[in-house]
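What follows is a set of notes on a single structure, which appears directly below.
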Amino acid sequence: MSGAARPGLGCVGTPRLLAGLDRDPRLDREAHLAAHGPLPRYAPDELVGLAADIDLRGRGGAGFPFARKLRAVIASAREREGPTAVVVNGSEGEPSCLKDKALLLHAPHLVLDGALLAAAAVGAEEVVVAVTRADVERSVRDAVAERGPGGRRVRVARLPERFVTGEGTAMVGGLNGGAALPSGRRVRTSERGLGGVPTLLSNTETYAQLAVAARMGAPDYRAAGLPSEPGTVLLTVAGQTVVETPTGTSLAYILDLCGTRTGQGVLVGGYHGRWLDPGAARSADVSRGSLSAFGAVLGAGAVLPLPEDTCPAGEVARVTRWMAKESAGQCGPCVRGLPGLADVLEDAVRGGGRGALDAVEARLRAVRGRGACSHPDGTSHFVASALAAFPEEFREHALGSGCGRRITGALPLPLDESPPERLVVDWTLCKGHGLCVDVLPDVVRLDADGFPAQASMPVPGHLRPKALRAVRRCPALALRMQE
């Protein structure tokens with residue numbers, strides 16, 4: 001999806017880093033057409049057939065077959081003999097996910113192409129792109145303006161940036177003028193969604209994949225990836241690098257490509273995901289089938305390795321507290337259960353004894369299966385998976401000895417109240433090699449003589465792995481990390 005010379009993903013058979021999207025120009029309409037070519041027309045049954053042939057699944061987390069969504073909306077529209085709508089879910093409230101932001105900021109026309117193809121298939125006169133960030137909103141609005149008047153209406157709507165905003169009923173509620181919170185009821189948007197009409201709602205990457213497949217055709221699209229799971233997926237690795245890879249690629253290879261390792265374990269699927277131990281992470285492939293064998297799901301494509309130098313128990317406790325604050329606040333398991341879970345987990349990490357660990361288990365049982373939406377379940381599964389993956393660390397903390405490691409923020413959160421670490425230059429050693437700026441361009445700037453422009457530079461938590469790499473690579477040993 002990175003603007004290959006021909007239609008398609010540009011990475012058949014080999015993974016490709018997309019981190020360059022933050023440096024390359026945004027593809028405007030003209031550049032988009034030059035890279036991908038015109039969008040072909042599809043009759044409704046042809047588009048449904050294409051989605052089914054390539055087994056296109058939703059890329060927002062649930063992995064629901066896109067062809068079934070299309071059929072459901074078409075059937076509802078025929079039954080009601082009324083209008084339909086298409087919604088692009090560009091909220092991405094998961095702090096460890098960047099892939100949809102990358103698409104909407106740098107290749108928005110690919111997403112719009114897929115949404116407009118789907119709108120033609122279901123007979124929708126309006127496409128709504130729901131976003132939560134100001135920069136993303138500007139990018140999509142510019143893309144809409146570049147298309148000019150005529151055709152189906154495309155509207156961009158800004159919703160609150162919260163973890164639960166991306167849930168289907170929350171998004172529809174927000175777009176309909178209400179609160180962007182889960183309704184607590186099982187409502188199929190294919191029957192009643194935007195404005196009460198049958199609505200096709202799917203994730204940003206899903207529509208982009210549809211646009212790519214429409215240009216390539218099913219046989220060429222299937223040339224990448226596994227026969228059982230064709231095509232590619234976008235992953236966000238360590239909360240900072242977006243990579244596009246054919247399905248079936250080794251997860252360990254992806255980590256190596258992004259300059260990291262399995263470490264103490266890998267969280268797959270984000271903060272509603274599951275932990276893989278190092279052995280499983282080295283054995284797993286990027287596919288639904290492979291991850292399922294290890295009890296994990298790809299979800300929205302977040303892959304978070306936990307470095308050796310960070311405290312697993314402390315990292316998990318931080319995220320659990322944040323997830324408790326991100327709840328919809330509409331049912332007991334969210335209002336009381338998740339904050340209570342965060343309380344007892346923090347107590348265990350601070351040395352609360354065996355009883356504190358027992359209290360964590362009790363809270364998990366009290367929360368699970370009782371929420372009005374999936375947030376309590378997802379958070380409880382995240383904690384339970386961590387307890388299973390790091391039993392010694394949690395036991396050592398609970399019994400008072402601890403693991404001896406700091407909390408480095410390896411699991412990214414939107415706001416970190418602790419002061420950032422700093423990258424410090426020892427001027428008595430620095431020779432102006434400039435390798436540090438190659439590794440860490442977002443932090444280090446060089447002066448006119450080729451030396452770091454500052455002696456002390458704050459390092460955001462998500463860039464700490466790169467900062468440590470800069471320290472290791474400095475030929476003069478002139479860099480260090482300092483709290």
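The values are calculated or read from the model by the stated rules, or taken from the named source; none is laboratory data. The structure presented is a predicted model; accordingly, all values stated were derived computationally and were not measured. Cβ coordinates were reconstructed from backbone atoms using ideal geometry, including for glycine residues, and neighbour counts include every protein chain displayed. Side chains included, ligands, DNA and RNA excluded: accessible areas come from the protein's heavy atoms. Shrake-Rupley method; radii C 1.70, N 1.55, O 1.52, S 1.80 Å.
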Count neighbours as other Cβ atoms within 10 Å of each site's Cβ, and list the trypsin sites (Lys or Arg not before Pro) in region 177-234 that are DSSP loop with at most 14 such neighbours. ARG185, ARG186
Could you please state how large a percent of the accessible area of the chain is carbon and sulfur, counting protein chains only and using a 1.4 Å probe? 50 percent
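Output the peptides 311-320, 226-235 sorted from most to least packed, where packing is the average of other Cβ atoms within 10 Å over each peptide's residues. Mind dumping the intermediate values first?
Details: 311-320: 24.4, 226-235: 20.3.
By packing density, highest mean first, the sequence is 311-320, 226-235.
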Restricting region 362-446 to GluC sites (Glu not before Pro) in coil, as DSSP defines it, with at most 12 other Cβ within 10 Å: GLU417
Å² per residue, accessible surface of the chain at 1.4 Å: 42 Å²
Name the trypsin sites (Lys or Arg not before Pro) in region 367-412 that are in a loop by DSSP and that have at most 15 other C-beta atoms within 10 Å, would you? ARG370
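Any idea what the relative contact order of the chain is, in percent, if you count C-alpha pairs under 8 Å spaced at least 6 apart? Show your work: numbers first, answer last.
Numbers: 998 pairs, mean separation 66.5, N = 483.
Taking the mean separation of contacting Cα pairs over the length of the chain, I get 14 percent.
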Of the listed pairs LYS69/LYS101; LYS99/LYS431; LYS69/LYS325, those with alpha carbons more than 29 Å apart are LYS99/LYS431; LYS69/LYS325
Name the residue farthest towards the positive end of the dipole of region 272-318 from the options ALA293, ALA317, SER283, assuming +1 on Cβ of Lys and Arg, -1 on Cβ of Asp and Glu, about the Cα centre. ALA293
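Decide, for the chain, between rounded, prolate and oblate: order the square roots of the alpha carbon gyration tensor eigenvalues as a ≥ b ≥ c, take rounded if a/c falls under 1.5, and otherwise choose prolate if a/b is larger than b/c, else oblate.
Details: a/c = 1.85, a/b = 1.27, b/c = 1.46.
Note, shape of the chain comes out oblate.
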